[in-house]
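Before any comments, here is the structure.
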Amino acid sequence: MGNILGINGLGRIGKLTLWNHIALGHFDGFVVNIGREVGNSLEDLINTLESDSTYGHIDRFIYGVSGKKVEFKIKDRAAGLLTVNGKDLKILRNARNPLDIPWAEENVRLVVDCTGVFLDPTVPADDPKGSVRGHLEAGAEKVVCSAPFKIKNKAYGMPDDSKLFVYGVNHHDYDPGLHNVLSAASCTTTGLAHMMMPLLENEATSQIVTASMSTIHASTSTQSILDSVPQSGAKDLRKNRSIMNNIILTSTGAAKALEQILPQIKDIGFMADSVRIPTSTVSMISLNITFHEHVNDASEPVITGDYLNNIYSEAANGKQKGLLVYSERQNVSSDLIGVRAAAVIEGNDTHTRTGFMKLSSAMLSELGLNITDNISMPVTHAKVFGWYDNEFGSYVNMLGKLTIHVDENM
């Protein structure tokens, strides 16, 4: 029977998730639910699986110039059964509702839902529009969503069996006896979490006054290629403008999601926004942080650009090795396509500025402090840049690591 991974949806993340696990070789086989026919034949589906406009052909992406090939073969046309490098790959084409997908019949215990549709863990399994919990009723034991949860009814809290995880940050909080519905958060939250964790764990940089981030984000399939008419009730009209011709300012839930990954963030005034640009993948976080400063014996600030870069360099070679990369190259976005790292710190452009926050005796009195002298409190503002391949290298890579962690603990 073997160890079979279920994948629901074959969009950008679903397809690249399959590529990732073909390369890693952890699972013995795959069952991919598409819920509809693709083209005119299974050969058309194979053509879709083999090629990608961003990452190239699967052979070259996985094996480079070695000449080795990823071999897809049709084993049973009527059953939708293929093989990939000798492992079974079954394609399901009938059900769209997770409740109707025959995971039990296919011996699938673990499913990665890559549709981006079923993200509310409070919706019951038998909801007519479908629910992530339908996967569990259909026979799966665990399901991992490839996007952040979105609870529509704000009167409901997060169910006890549901939780957001970023691999390498809080995945050790996964409790196999409790958590059945998991979210791997978002690509931006993944990169941001790996950028923030080293700072929060360092004594000097853990005292944060405020923080903000902007992600300069590659386009996604939710955006319009050409201008289109917004749906009824749409709030962000800019998402319907052509991504091919515009830089588009929009919102991101990364900061709010980060609070669930790193609870310390709740005590920090953290803002986040997103700027969409017309590239196919690789995004960049521009992180701005103001720290409480501690001057040294020479009355010089402790937190400098070199100090921050040293924190990231040590993390990249220590606790976050293989997950965070510290770079002193002068990178551009295409250099990071396919790079397996949650975030790549652009060390050359880390910089800081220290100033003084002046607190008058009157202000201190309002705070209930009987101090007659004015006080100047040192603060350091820092800017850190982090690249992340929002499709394969960062997000799908971390999603895959989380999926294997769940599988190994089932």
- Message: Tally up the residues in the stretch 42-62 that are more than 16 Å from LEU10 (Cβ to Cβ) and exposed (fewer than 14 other Cβ atoms within 10 Å of the Cβ), please.
- Response: 2
- Task: For the stretch 241-259, enumerate the residues that are surrounded by 17 or more Cβ atoms within 10 Å (Cβ to Cβ) and either of a type in the set (S, T, N, Q) or over 30 Å from MET197 (Cα atoms) (or both).
- Result: ARG241, ILE243, THR252
- Note on the structure: Pairs returned, first residue in the stretch 299-311 that is of a type in the set (Val, Ile, Thr), second residue that is outside any loop (DSSP other than H, G, I, E, B) and surrounded by fewer than 14 Cβ atoms within 10 Å (Cβ to Cβ), beta-carbon separation under 8 angstrom, 6 or more apart or interchain, are VAL302/VAL295
- Query: What is the one condition in (1) touching a residue at least 60 places away in the same chain (Cβ under 8 Å); (2) part of a loop (DSSP other than H, G, I, E, B) that ALA315 does not satisfy?
  - Reply: (2)
- Message: Checking the structure you have, find out if any residue of the stretch 147-163 is among the small types (Gly, Ala, Ser), surrounded by 17 or more Cβ atoms within 10 Å (Cβ to Cβ), assigned to a loop (DSSP other than H, G, I, E, B) and touching a Gly at 6+ places or on another chain (Cβ under 7 Å).
- Response: yes
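Any idea which residue in the stretch 147-186 is nearest to LYS256 (Cα to Cα), counting only those that are of a type in the set (Lys, Arg) and touching a residue at least 24 places away in the same chain (Cβ under 8 Å)?
Residues of the stretch 147-186 of a type in the set (Lys, Arg): 150, 152, 154, 163.
Now restrict to residues that are touching a residue at least 24 places away in the same chain (Cβ under 8 Å): 150, 152, 163.
Numbers: LYS150: 11, LYS152: 15, LYS163: 14 Å.
Here the residue is LYS150.
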- Task: Return yes when LYS321 is without any contact (Cβ under 8 Å) to a residue 40 or more places away in the chain and not in a loop (DSSP other than H, G, I, E, B) and no when it is not.
- Result: no
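FYI, it's all coordinate maths here, none of it is from the lab. Worth saying up front: this structure is predicted, and the values here are computed from it rather than measured. Neighbour counts run over all protein chains shown; Cβ positions are idealised from the backbone, glycine included.
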